[in-house]
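Data block below; observations after.
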């Protein structure tokens, strides 16, 4: 799946314009990037978590000349899939479309700061 495919899926599921769906997808990605730059850990329950791992500086070799080269410290983004995601991927049987696959239930009920608002388009 590409970023464009993800935008199309947001359009299909939410019935927003393609431009708005693009803004949504870009906002999610830039929020994840900004959090990782700030050394924050991102946890998406039922999906997985993102964090930054540090690689120590080391001595490497130039494969062409064989000379030693100093490789500086690096910060590497790391994704660890959640148990629920692993379970969904390893379900018996296959699904031809996303509509047939099980849905990860998400809820913010009981989460600190949750305003308790209903789903968009649902009247109480």
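The values are calculated or read from the model by the stated rules, or taken from the named source; none is laboratory data. Owing to the predicted nature of the structure, the values given are computational and were not obtained by experimental measurement. Virtual Cβ from ideal backbone geometry, glycine too; neighbours counted across all protein chains shown.
Residue by residue, here is whether (1) closer than 28 Å to residue 78 by Cβ; (2) out of contact with any strand residue (DSSP E or B) (no Cβ under 6 Å at 6 or more places or on another chain); (3) touching a residue at least 40 places away in the same chain (Cβ under 8 Å); (4) surrounded by 14 or more Cβ atoms within 10 Å (Cβ to Cβ) holds:
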position	(1), (2), (3), (4)
7	yes, yes, no, yes
10	yes, yes, no, yes
13	no, yes, no, no
18	no, yes, no, no
24	yes, yes, no, yes
27	yes, yes, no, no
34	yes, yes, no, no
38	yes, yes, no, no
41	yes, no, no, no
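Across region 14-27, the number of residues qualifying as at pLDDT 95 or above and out of contact with any helix residue (DSSP H, G or I) (no Cβ under 8 Å at 6 or more places or on another chain) comes to 5.
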